[in-house]
Amino acid sequence: MPRKAKKIVCQTESLHELQSLVRSKTAEFRLVERAKMVLACLNEEPIHAVASRFQASPNTVITWRNRFAQSGVCGLMDMPRSGRPPQYSTEFRETVLQLLETPPPTGQRAWNGVTIARTLKVTDDAVSRLLRKEGIRLGGRRDSGATP
């Protein structure tokens, strides 16, 4: 005899959030899929049927169903993942940006990545990653928008 999944209770506010998520054109696809899975479970569809409809494993459906039961719609969001912590903080970012506001060292026309790295005693790769992330191009040709 197959076991039945425990019925989950949903407040009307959470139900409206789920339905708006499903109808959303701008929400992330996987978030919409998770909301659809939970709505199907709220309609008391069997977990195996929901899993086959969404081409997912039953354990995946159970995971999102349980996360919704515990945390509501917020439980459908991705949790923070483990990984290497950032090596340089926002303090490093602020230091580099402040340094760019100052005049370059004597004998140089402008700042470059190597000079910034030497001044701050960090690697030039770290500086170039930060500048790329911030969209700052040092010494690169800048388009003024006008055609020659």
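Given the choices (i) 15.4; (ii) 20.1; (iii) 17.0, Kirkwood radius over Cα pairs in Å derived from the coordinates of this structure is entry (ii).
Working from Cα positions, state the angle (0 to 90°, nearest 10) between the long axis of helix 12-23 and the longest principal axis of the chain. It is inclined by approximately 60 degrees.
Among Ala51, Ala117, Ala35, whose mean-square fluctuation peaks in a Gaussian network model of the chain (Cα, cutoff 10 Å)? Result for the chain, Cα springs under 10 Å: Ala117 fluctuates most.
With only Lys, Arg, Asp and Glu charged, each at its Cβ (+1 for the first two, -1 for the last two), find how big the charge dipole of segment 7-118 is about the Cα centre; round to the nearest 20 debye.
Result for segment 7-118 is approximately 300 debye, rounded to the nearest 20.
Evaluated with a Cβ-only charge set (Lys, Arg +1; Asp, Glu -1), segment 90-134 carries a dipole of roughly 140 debye about its Cα centre, given to the nearest 20. To the nearest ten degrees, helix 29-42 and the longest principal axis of the Cα atoms of the chain are 20 degrees apart. Short to long, the 10 Å bins of the Cα pair-distance histogram for segment 90-134 hold 28, 62, 10 percent of all pairs.
Give the range of the longest stretch in the chain that excludes all trypsin sites (Lys or Arg not before Pro) found in loop regions by DSSP and having at most 16 other beta-carbon atoms within 10 Å. The longest such stretch corresponds to 26-80.
Cα axis of helix 58-71 to longest principal axis of the chain: angle in degrees, 0 to 90, nearest 10? On a 0 to 90 degree scale, this one is about 80. Among the GluC sites (Glu not before Pro) in segment 1-60, those placed in a DSSP loop whose Cβ has at most 11 other Cβ atoms within 10 Å are Glu44. Structure remark: mean-square fluctuation, Gaussian network model of the chain, C-alpha springs under 10 Å; the largest value among Val22, Val38, Val114 belongs to Val114.
Working from label points 7 Å from Cα in the Cα-to-Cβ sense, the His16 to Arg137 distance is 4.8 nm.
Distance between the modelled labels on Thr106 and Phe54, one decimal in nanometres: 6.7 nm (7 Å Cα→Cβ projection). Each of Gly83, Gly113, Ala126 was scored by the projection of its Cα onto the charge dipole of the chain, and the greatest displacement toward the positive side belongs to Gly83; charges sit on the C-beta of Lys, Arg, Asp and Glu.
Computed from the coordinates by the stated procedures, all read-outs in this text should not be read as laboratory data. Predicted, not measured: the structure shown is a model, and the values here were computed from it. Positions of Cβ are generated from backbone atoms using ideal geometry, with glycine treated the same way; all protein chains shown enter the neighbour counts.
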